[in-house]
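Structure first, commentary second.
The values are calculated or read from the model by the stated rules, or taken from the named source; none is laboratory data. Quick caveat: nothing in here was measured; it's all calculated off a predicted structure. Note that we place each Cβ from the backbone using ideal geometry, even for glycine, and neighbour counts take in every protein chain shown. For accessibility, only protein heavy atoms count, side chains too; no ligands or nucleic acids. Shrake-Rupley method; radii C 1.70, N 1.55, O 1.52, S 1.80 Å.
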Amino acid sequence: MNTASRPLKVAVMSFAHTHARGYVELLLQNRSVSVLTSDPGIHSPAETRGRTLADELGVDYVDTYHELLAWQPDAVIVTSENAHHREHVELAARAGAHILCEKPLATTLADGEAMLAATQAAGVILMVAFPVRFASTFLHLKADYDAGALGDVFSVRGSNNGKLPSAREWFTDPALSGGGALVDHVVHIADLLEALMHAAPLSVTAVANQKLYADRAKAETAGLVSISYDNGVIAAIDCSWSRAETAPTWGGVRLSVAGTRGTVDVDFFGPRVHGLDSASGVPLELPYGPDFDAALLGTFLEAVGTGVQPQPDGAVGLRTLKIVLAAQESVATGRTVQIVEG
Amino acid sequence: MTLSSLKIGLVGAGGISNSHLPHLLTLGADVYVFSDAGAADLVARHGGTVVDTLDELLAIVDYVDVATPTFTHYAVAKRALEAGKDVISEKPLARTDEEAAELVQLAERLGRRLYPAHVVRFFPEYVRLHEAVQSGLLGDLAVLRFSRSGAFPTRTPWFADRALSGGIIMDQMIHDIDIARWVAGEVVRVSAVSNRAGTAAAPVEAAHVLLTHASGAISHVAGIWGPAHLPFTTEYSVTGTLGSLEHSSVAERNYTAHLLEAAEQGGLLPDVDPAENPYFAELREFTEAFGGGPEPRVSVVDGAEAVRLANAALLSLETGQPVELVSRVDASAEAEEKRAL
């Protein structure tokens, strides 16, 4: 493993997820890290990937994962298509690297469980990339919650709305993404509730449709999910890709928490400068605020240094995945679905 | 028309009567108030005339405004209809589906008007939403969210008794359930989760209701009866294929004060602009209809359907499963059938 005498070796597996670019940019700014990337395969000419993207970012690149892992990285960031997370996490674990895996953990329960088993067997860290819990506003909420300022929390509302992902085709291909808006957006709110309450979800009810972006979507674009937790809390999540493609910003994440001593509403990506484009009359919105990905990545790199498993870990990834799978089953059957712990 | 010659009987002297009575008086009506308790105090505050029995009231008035607790709406409205009166009923129209359906049929059979007071249809932000959707501005609706939060109504005990009030879903969330149906059309499936916490003296209650509309649109209705200091707030967010609209009562405040002597917080009713008071607009529209004006924007069938959806949500709480709704039997057709038998 690394020592203070040499930089931490961090490998990025795949540029499939658009977050890969952001991670690479952050890593390149970090003087105590050396970065190597790989994004093998044949990519759509419409998407900037592979060596082209690496050159654009100015990051070192190899053509195969074999070469990438032969570099003996201390840590691997898996930013491949959701359905390929298992394969790549297993490869990285076998190479003895600590792993930060893009969310959602996987697209099936079997894959998720196999990933936990592989990383446990290899004795490496598995962290799942849920950045919103690193927002200072969430830490504020968590402090209020832990101090009892909210009293007994009894209800939560969350929304994670965005545009139909368009920078990468696979996001809307259920074979690679695992589904639509339910897969993409439920897990962020579910992770926040994990971090806040440490409660187990008991049952899930969901409804969905495909009215928005109907010409391009191959899965649900709107979804509403209600969840009952074992601490009595009821939660509801709007995970819809309900942000118009023409909107000035991508969307956002909001959380409203109600307790016996009061309520807290958080708009995680809320702060922005508002204005108007004079020529078109279109609103200008210029969001500002800290980059949650930087805090997430910093926590991961620190954990790689210490070897201590950080949160959110694979177990959180698996529990949030179970909520998604239950929501998908509920949509398919029209029934409320119980979640089995284990 | 003028209401100066009109006599209206207000039954009940609780919270909402304090809103209805002054508006009825402003409309120029002679208002007679009957209540088991509190009528004298109510009249002393606002005006009007106390009467001692419901029979006496029915003998005097032309129209009746039922503002009693939920579980008595059916019996009072029924007596008023049978006495030949046109009736305004506070929401919910009745506590049970059967009572609501019976009132629909009774009004139809007797040729009386019966209007459920779904006042949110008169709040300008919801009127804007409805108009926008009707005009096609948002296209085909896909996903809707409604939220309503305020203090738990602890002033009288019946609100806390789900058998009597139907809890937060039947009492408070029925507003947004009605709006969701008004905006996005008939509902074919309902599911609900709910939670009661706090203490007997300081209870809180919440529910989430998911609706699937016949069009395929989906709605989430959230309700909070929170601690006593919680201000009354509402939100909605509606997205269709051509656009979206959202509103937050907190975000759209047009008067912000940070005064040393802070005003009392905590809310059972929303803040309204007195120049455009929705409760007044509602009673004006109903009473004008009584006088031969156009039919109001909310019908007795709407009121009965809101009750049916709220009761379906309550059933979902019991069964732990979504409730499929058989399509609504047209009230007049059913009444027709009954007459034929």
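List, by residue number, every residue in the range B:138-167 with a reduction of 10 Å² or greater in accessible area between the chain on its own and the complete protein assembly, 1.4 Å probe.
Output list: B:ASP140, B:ALA142, B:VAL143, B:ARG145, B:SER147.
Along the range A:319-327, what does the Karplus equation 6.51 cos²θ - 1.76 cosθ + 1.60 (θ = phi - 60°) give for ³J(HN,Hα), rounded to whole Hz, x for Gly and Pro?
So the J values, rounded to whole Hz, are 5, 5, 5, 4, 5, 4, 5, 5, 5.
Taking one equal scatterer on every alpha-carbon of the range B:121-277, how large is log10 of I(q)/I(0) by Debye at q = 0.09, 0.10, 0.16 1/Å?
-0.32, -0.40, -0.95
Can you give the accessible area per residue of chain A, in Å², using a 1.4 Å probe?
Spelled out: the 1.4 Å probe surface of chain A, per residue, equals 39 Å².
Hey, can you list the residues from the range A:222-268 whose accessible area shrinks by 30 Å² or more with all protein chains present, relative to the chain by itself (probe 1.4 Å, no ligands or nucleic acids)?
With the partner chains in place, the range A:222-268 has these residues losing at least 30 Å²: A:LEU224, A:SER226, A:ILE234, A:ALA236, A:ASP238, A:SER242, A:ARG254, A:THR260, A:THR263.
Could you tell me which of the pairs A:LYS9/A:LYS322; A:LYS142/B:LYS91; A:LYS103/A:LYS218; A:LYS9/A:LYS218; A:LYS211/A:LYS322; A:LYS103/A:LYS163 are separated by over 27 angstrom between their Cα atoms in the structure shown?
Table pairs above 27 Å Cα-Cα are A:LYS9/A:LYS322; A:LYS142/B:LYS91; A:LYS9/A:LYS218.
Which lysines does B:LYS85 reach when only Cα atoms under 17 Å apart count, and residues fewer than 8 places away in its own chain are ignored?
By straight Cα distance, B:LYS85 reaches B:LYS7.
Would you mind computing, in nm to one decimal, how far apart the modelled labels at A:ALA200 and B:THR49 are, each placed 7 Å from Cα along Cα→Cβ?
In this crude spin-label approximation the distance works out to 6.8 nm.
Just to be sure I follow the definition: excluding the sites themselves, where is the longest run in chain B that has none of the GluC sites (Glu not before Pro) in a DSSP loop with at most 15 other Cβ atoms within 10 Å?
Between exposed loop sites, the widest span is B:1-185.
How much accessible area per residue does the range B:106-181 have, in Å², with a 1.4 Å probe?
Result: 32 Å² per residue.
Give me the one-decimal nm value for the distance between modelled label points at A:ARG94 and B:ALA228, 7 Å along each residue's Cα-to-Cβ direction.
It is 6.6 nm.
May I have the pair-distance distribution P(r) for the range B:12-108, computed from all Cα-Cα distances with 5 Å bins from 0 and rounded to whole percent?
P(r) over the range B:12-108, rounded to whole percents: 2, 14, 25, 26, 19, 10, 4, 0.
Expressed as a whole percentage, what fraction of the accessible surface of the range B:121-277 belongs to carbon and sulfur atoms when a 1.4 Å probe is rolled over the protein heavy atoms?
Carbon and sulfur atoms account for 54 percent of the accessible area of the range B:121-277.
Per the helix-only calculation at 222 nm, which mean residue ellipticity applies to the protein assembly as shown, given -39500 (n - 2.57) for every DSSP H run of n ≥ 4 and division by its residues, nearest 500 deg cm²/dmol?
Taken over the protein assembly as shown, the calculation gives -10500 deg cm²/dmol.
Only bridges with both residues in the range B:113-225 count here: give the DSSP antiparallel percent, nearest 5.
70
Taking amide H positions as placed in the peptide plane 1.01 Å from N, state which residues far from B:VAL188 in sequence (5 or more) or on other chains have amide H under 5 Å from it.
B:THR212, B:HIS213, B:ALA214
A:VAL33's amide H: which non-local residues (gap 5+, or another chain) put their own amide H closer than 5 Å, with H modeled 1.01 Å from N in plane and none for Pro or chain starts?
Counting only residues 5 or more places away or on other chains, the set is A:LEU8.
Report the FRET efficiency, 1/(1 + (r/R0)^6), for B:ASP271 and A:THR306, where r is their Cβ-Cβ distance and R0 is 35 Å, rounded to 0.05. Don't skip to the answer; put the middle values down first.
Values: r = 53 Å, r/R0 = 1.50.
E between B:ASP271 and A:THR306, to the nearest 0.05, is 0.10.
For chains B and A, what's the summed buried accessible area, probe 1.4 Å, to the nearest 100 square angstrom?
Working: alone 15700 and 14960 Å², together 27750 Å².
It comes to approximately 2900 Å² buried between B and A.
When you look at the Cβ of every residue in B:242-254, what mean number of other chain Cβ atoms sits within 10 Å? Before the final figure, lay out the partial values.
Details: counts 1, 2, 6, 0, 0, 0, 1, 0, 1, 0, 0, 0, 0.
Across the residues of B:242-254, the mean count of other-chain Cβ atoms within 10 Å is 1.
Taking the simple approach of a point 7 Å from Cα along Cα-to-Cβ for both B:VAL326 and A:LYS142, what is their distance in nm?
Going by the 7 Å Cα→Cβ label model, 5.2 nm.
Name the trypsin sites (Lys or Arg not before Pro) in the range B:150-231 that are in a loop by DSSP and that have at most 11 other C-beta atoms within 10 Å, would you?
Numbers: sites: B:ARG155, B:ARG162, B:ARG181, B:ARG189, B:ARG196; in loops: B:ARG155.
Answer in residue order: B:ARG155.
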